[in-house]
Amino acid sequence: MIITTGEAEAAHLVERAQVLAKETGCLYIPRGGQSIKRLAAKTGDQDILVILEGHVRLGGPGRETLEFHPSMGFVRLKRVLRGEPDLMLQAAQMEEGDTVIDCTAGLGTDALVFSIKAGVNGSVTALESSYPLYVLLKEGLATYTSHLAQSDEAMRRIKVLHSAHLQYLQGLPDNSADIVYFDPMFRDPVTESASINPLRHYANPDPLDERSVREAVRVARKTVVMKEKRGSREFARLGFEVQERGHSKITYGVISNE
């Protein structure tokens, strides 16, 4: 995977790109006025992360660009700050100070909501098995500025790891987290929206399996939560009790250890 900057190679952006490349084991390539297509052809790598002023983008020749943005996570975060309910937090029975393992981080939308609820006394670990998404998320959470201090602080508190969730959970002691959360790619997508298509290109498409759920139940002190399309057979297959709150096309299944 290549890390570079935009065509305006400001010194601080070059430094950011070089540091991120070193931290993640990626290859830093100076932009040097070259197009993304030319960089890909020159290196033989189709995954290119571009560091820009206030932005970080992932893409490649012939692919839609995926840009880090908290998206609906930011909207939900503001609702939580106002004291309004959030269905995911309710399903997880989450309280301030809880520790959360988000096993399928994606762009960190749910991890951000967990982090604002956890506060400074809790913690959120976000796992992402897709290497390009991991690098995008790591840089995005570390540098994105939302102009809301609580949101930016919550993003910075999230610990991002490149790991398959089964392997990570197997290495944890019993009852070592409060909540374990899964948001796998839906078996039956709600929509093929413009916003989800770029993510689907990079995201791990594998269904959640029983071994991961068993490990999650062993690790979680309070709840294991899975997000899926309302009516999905995945809930019954994996042993989750469906939460019927709300009217959204998506809902949450819960396995409670309390």
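The values are calculated or read from the model by the stated rules, or taken from the named source; none is laboratory data. Small disclaimer: the values here were computed from a predicted structure and weren't measured. No Cβ is skipped: glycine too gets one built from the backbone with ideal geometry, and neighbour counts run over all protein chains shown.
Out of the stretch 2-19, which residues are in contact with a strand residue (DSSP E or B) (Cβ under 8 Å, 6 or more places away or on another chain) and more than 12 Å from V135 (Cβ to Cβ)? Give the steps one after another, and end with the answer.
Initial filter on the stretch 2-19 (in contact with a strand residue (DSSP E or B) (Cβ under 8 Å, 6 or more places away or on another chain)): 2-6, 13-14, 16-18.
Scanning the stretch 2-19 gives T4, T5, G6, L13, V14, R16, Q18.
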### Query
Looking at this structure, is S35 surrounded by fewer than 15 Cβ atoms within 10 Å (Cβ to Cβ) and within 15 Å of the chain's Cα centre (by Cα)?
no
## Note on the structure
Restricting the stretch 214-258 to residues that are among the acidic types (D, E) and not in a helix (DSSP H, G or I), the one farthest from the chain's Cα centre (by Cα) turns out to be E258
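If you go through the stretch 60-88 one residue at a time, how many are free of Cβ contacts under 8 Å to residues at least 60 places away in the same chain, within 17 Å of the chain's Cα centre (by Cα) and surrounded by fewer than 21 Cβ atoms within 10 Å (Cβ to Cβ)?
So the first thing to find is which residues in the stretch 60-88 are free of Cβ contacts under 8 Å to residues at least 60 places away in the same chain, and the list is 60-62, 67, 72-73, 75-76, 79-80, 82-86.
From what is left, the residues that are within 17 Å of the chain's Cα centre (by Cα) are 67, 72-73, 75-76.
Next, only the ones that are surrounded by fewer than 21 Cβ atoms within 10 Å (Cβ to Cβ) stay: 67, 72, 75.
Here the count works out to 3.
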### Residues that are surrounded by fewer than 17 Cβ atoms within 10 Å (Cβ to Cβ), touching a Ser or Thr at 6+ places or on another chain (Cβ under 6 Å) and assigned to a loop (DSSP other than H, G, I, E, B), drawn from the stretch 158-174
A164
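Restricted to the stretch 64-93, and to residues that are assigned to a helix (DSSP H, G or I) and touching a strand residue (DSSP E or B) at 6+ places or on another chain (Cβ under 7 Å), which residue is nearest to D110 (Cα to Cα)?
Quick first cut of the stretch 64-93, residues assigned to a helix (DSSP H, G or I) only: 72-81, 87-92.
Still in the running and touching a strand residue (DSSP E or B) at 6+ places or on another chain (Cβ under 7 Å): 87-88, 91-92.
Details: L87: 11, M88: 8, A91: 13, A92: 12 Å.
Within the stretch 64-93, the match that is nearest to D110 (Cα to Cα) is M88.
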### Query
Would you say V213 is at pLDDT 95 or above, surrounded by 14 or more Cβ atoms within 10 Å (Cβ to Cβ), within 18 Å of A164 (Cα to Cα) and touching a Phe, Trp or Tyr at 6+ places or on another chain (Cβ under 9 Å)?
yes
### Query
Looking at the stretch 125-157, which of the residues that are more than 13 Å from the chain's Cα centre (by Cα) and in a loop (DSSP other than H, G, I, E, B) is farthest from R218 (Cα to Cα)?
H147
### Task
List every residue pair whose Cβ atoms lie under 6 Å apart, where the two residues are 6 or more positions apart in sequence or sit on different chains, the first residue falls within the stretch 135-147 and is in the same structural domain as T104 (by TED's automatic domain parsing), and the second residue, located anywhere, is β-branched (V, I, T).
V135/T24; L137/V160; K138/V160; E139/V56; G140/V56; L141/I158
### Task
Hey, can you tell me all the residues within the stretch 74-92 that are out of contact with any Asp or Glu (no Cβ under 7 Å at 6 or more places or on another chain) and not charged (D, E, K, R)?
F74, V75, L77, L81, G83, P85, L87, L89, Q90, A91, A92
### Search result, residues across the stretch 199-213 that are among the small types (G, A, S) and either closer than 16 Å to S232 by Cα or assigned to a loop (DSSP other than H, G, I, E, B) (or both)
A203
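Can you pull out every residue in the stretch 20-55 that is part of a helix (DSSP H, G or I) and farther than 20 Å from E128 by Cα?
In the first step, residues of the stretch 20-55 are kept if they are part of a helix (DSSP H, G or I); the result is 20-24, 36-43.
Across the stretch 20-55, the qualifying residues are I36, K37, R38, L39, A40, A41, K42, T43.
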